[in-house]
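The next block holds one structure in the form of structure tokens; read it before the comments.
The values are calculated or read from the model by the stated rules, or taken from the named source; none is laboratory data. Quantities reported herein were computed from a predicted structural model and do not represent experimental measurements. When we count neighbours, we look across all protein chains shown, and the Cβ atoms used for this are built from the backbone with ideal geometry, even at glycine.
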């Protein structure tokens, strides 16, 4: 029996609809969720329950009667001839039993399912005419979506051309992998920009960009799982996925056709365990009736198909107590708060710290010293505070005061108008100097062996270095007497510093720590302009014209070189004898070898090289090293635990090479 009167239910439903509309608008339209998924789901389920108990309060504009979010008016609208519906959700295995029994009763016999992982991304439609991609669109409100064709052309695993003059529509999920998500958030955090809450919002914010060059930089991926109106010979969901994989679409090899709930239960348990080791985020399991004719027979409600259901994982949360909030200064001056807590086990790792990103987020969550908080991993990756448990807040609790002075140098902190971050604007701030030198000496940059953070801190403390140019003025006399420095270690360090002068200029360009200029971008820029003088003189338009280099990078690079301090630093480095030329080979200059002009993907744990080292080696040989497997891939070189890229290569018939086999093709012997 309902526990509320009709009047109470009507008022509560109105309150829930208003709150859910606000949350959905932030989530779908602004790609900026303001509550955790579990909080949204609880409110949504409560509204569903009220509307079930009191059918007379259901209104056409209720969020339970519509799909997805609103359409951004800045994009061209696309009307979906066949609506892109959302899925019903369940939150327990018993509800899956109820779903299966309901279907069996309706069709009169047991039902086989194709079971797939529920990807943490956003729905995407791809339309082809005569084998050519002509339109890509988001789900939008289910009836009308946004035309994102220009952006989708920069997603590497979306085929621009499909064999056999394919004309039709496929649908799937656009997502951002865990590594790409972590790197994007780290770059945005360092630049003082708001970070994305989870991979789904990162993917949505990247795909729904008015500037396609930004999408190009974000490394999005897709899993395609629906063939809209397939030909008659395609009779099942698992057959449709297999055929789409053969056509070159990126499909997920983890899907399985399962005959009963016992097998489905094992699948759920398996991927509950594997969830944290996947390279992409998942938030549940999807069951789809495998027989396509049976899907047609079962049909849809106004919002969801009757033949599929999503089982959502319960939120992985642990309670812990905040003991301290520490502030760290990055190499760009951004000052970031981090909560230090009692250690807890979360998603397979011990967690005792959670970055709060910026003062606005700290204020919004109202985290205080002594608070009990719920901790989860955003996107299965980043430890994040979900909420404060107010019922356990100490009685003497006071709001946390945001610092006004830099914790490193004591200078005033600045909250710039166009940023959410606090910044220390003192270029000689010891923490910034330290971080810049650590980055400069790191392996992906100038690779100065033996010059780690501990030694750098010693050198700064002894006032021997104030910037990276000072490294090249160090002498044996300077280092004598410092802790842990003996004659051999002094000679080794000075030799490593001297050797770094011979590095190709792209390593120096990356080592300067210019905002948004990563190792790959630095190499592309160095290949194009060949010398540091020409890079310094290049205009933003000239840099932007380089494939995969967008406006963000070009503007950041030109702004950096306009600074007097940057010009002075480069003059000092030139005077110290550092090489200022590109020493690598462009693909056209590379010697003949099996990988020249080939598209290569690396996957798994390598033995003889790090991933970045092997990437650099292959690029020097004229290969194009990419992050995902497609029909255009020539080779997949794999190590231990290669994962889904190996499976995709097998499905597409891409040539697979072990690391040892690749070295043999280059005439290099395996050392094991």
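Within segment 160-178, the set of residues being under 16 Å from residue 228 (Cβ atoms) and touching a residue at least 40 places away in the same chain (Cβ under 8 Å) comprises 162, 166, 168, 169, 170, 171, 172, 173. Among residues of segment 40-58 that are over 19 Å from residue 21 (Cβ atoms), those with a beta-carbon under 7 Å from a residue that is in a helix (DSSP H, G or I) and modelled with pLDDT of 80 or more at least six positions away or on a different chain give the pairs 53/9; 54/6; 54/9. Does residue 632 satisfy the criteria of being within 22 Å of residue 216 (Cα to Cα) and buried (at least 19 other Cβ atoms within 10 Å of the Cβ)? No, not satisfied. Taken together, the criteria place residue 655 among residues that are without any contact (Cβ under 8 Å) to a residue 40 or more places away in the chain and either within 22 Å of residue 247 (Cβ to Cβ) or assigned by TED's automatic domain parsing to the domain that holds residue 472 (or both). The requirement of being farther than 22 Å from residue 254 by Cα, surrounded by 17 or more Cβ atoms within 10 Å (Cβ to Cβ) and under 24 Å from the mean Cα position of the chain (by Cα) is fulfilled nowhere in segment 645-663; no residue meets it. Take segment 515-535 and flag every residue that is loosely packed, with under 15 Cβ neighbours inside 10 Å and assigned to a helix (DSSP H, G or I). 533 - this is the single residue of segment 515-535 that is loosely packed, with under 15 Cβ neighbours inside 10 Å and assigned to a helix (DSSP H, G or I).
Consider segment 50-59 and keep the residues that are surrounded by fewer than 17 Cβ atoms within 10 Å (Cβ to Cβ) and farther than 14 Å from residue 15 by Cα. The one that is farthest from the chain's Cα centre (by Cα) is 56.
Quick grid of which residues meet (1) surrounded by fewer than 20 Cβ atoms within 10 Å (Cβ to Cβ); (2) modelled with pLDDT under 85:
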{"residue": "173", "(1), (2)": "no, no"}
{"residue": "190", "(1), (2)": "yes, yes"}
{"residue": "193", "(1), (2)": "yes, yes"}
{"residue": "198", "(1), (2)": "no, yes"}
{"residue": "222", "(1), (2)": "no, no"}
{"residue": "231", "(1), (2)": "yes, no"}
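Checking each residue in segment 501-514 for being without any contact (Cβ under 8 Å) to a residue 60 or more places away in the chain and part of a helix (DSSP H, G or I) picks out only 509.
Looking across segment 562-573, just one residue is closer than 23 Å to residue 501 by Cβ, out of contact with any helix residue (DSSP H, G or I) (no Cβ under 8 Å at 6 or more places or on another chain) and either outside any helix (DSSP H, G or I) or in contact (Cβ under 8 Å) with a residue 40 or more places away in the chain (or both), and that is 565. Filtered by the rule that a residue be within 32 Å of the chain's Cα centre (by Cα) and exposed (fewer than 14 other Cβ atoms within 10 Å of the Cβ), segment 424-438 gives 425, 427. Among the residues of segment 629-651, which ones are touching a residue at least 40 places away in the same chain (Cβ under 8 Å) and touching a helix residue (DSSP H, G or I) at 6+ places or on another chain (Cβ under 7 Å)? Hits for segment 629-651 are 629, 631, 651.
Here the condition is being over 29 Å from the mean Cα position of the chain (by Cα), in contact (Cβ under 8 Å) with a residue 40 or more places away in the chain and more than 26 Å from residue 110 (Cβ to Cβ); of 229, 276, it holds for 229 alone.
Among the residues making up segment 114-135, those that are at negative phi and without any contact (Cβ under 8 Å) to a residue 40 or more places away in the chain are 129, 132, 133, 134. Those strands (runs of 3 or more DSSP E) of segment 321-423 in which at least 1 residues are outside the structural domain of residue 176 (by TED's automatic domain parsing), surrounded by fewer than 19 Cβ atoms within 10 Å (Cβ to Cβ) and more than 24 Å from the chain's Cα centre (by Cα), considering only elements entirely within it, cover 334-346, 372-378, 382-388, 413-415.
For residue 210, the requirement of being under 26 Å from residue 633 (Cα atoms) and modelled with pLDDT under 95 is not met. Is it the case that some residue within segment 152-169 is in a strand (DSSP E or B) and buried (at least 23 other Cβ atoms within 10 Å of the Cβ)? No; the residues of segment 152-169 include none that is in a strand (DSSP E or B) and buried (at least 23 other Cβ atoms within 10 Å of the Cβ). Mind listing just one residue for me: the one in segment 575-622 that is part of a loop (DSSP other than H, G, I, E, B) and within 25 Å of the chain's Cα centre (by Cα) and, of those, modelled with the highest pLDDT? Applying the filter and picking the extreme gives 604. Those residues that are out of contact with any helix residue (DSSP H, G or I) (no Cβ under 6 Å at 6 or more places or on another chain), surrounded by 14 or more Cβ atoms within 10 Å (Cβ to Cβ), without any contact (Cβ under 8 Å) to a residue 60 or more places away in the chain and part of a helix (DSSP H, G or I), I need them from segment 468-491; list them, please. The answer is 470, 478, 489. For residues that are at pLDDT 90 or above and part of a loop (DSSP other than H, G, I, E, B), scanning just segment 536-561, find the one that is surrounded by the fewest Cβ atoms within 10 Å (Cβ to Cβ). That would be 539. Within the bounds of segment 113-136, is there any residue that is surrounded by fewer than 19 Cβ atoms within 10 Å (Cβ to Cβ), in a helix (DSSP H, G or I) and in contact with a helix residue (DSSP H, G or I) (Cβ under 9 Å, 6 or more places away or on another chain)? Within segment 113-136, not a single residue is surrounded by fewer than 19 Cβ atoms within 10 Å (Cβ to Cβ), in a helix (DSSP H, G or I) and in contact with a helix residue (DSSP H, G or I) (Cβ under 9 Å, 6 or more places away or on another chain).
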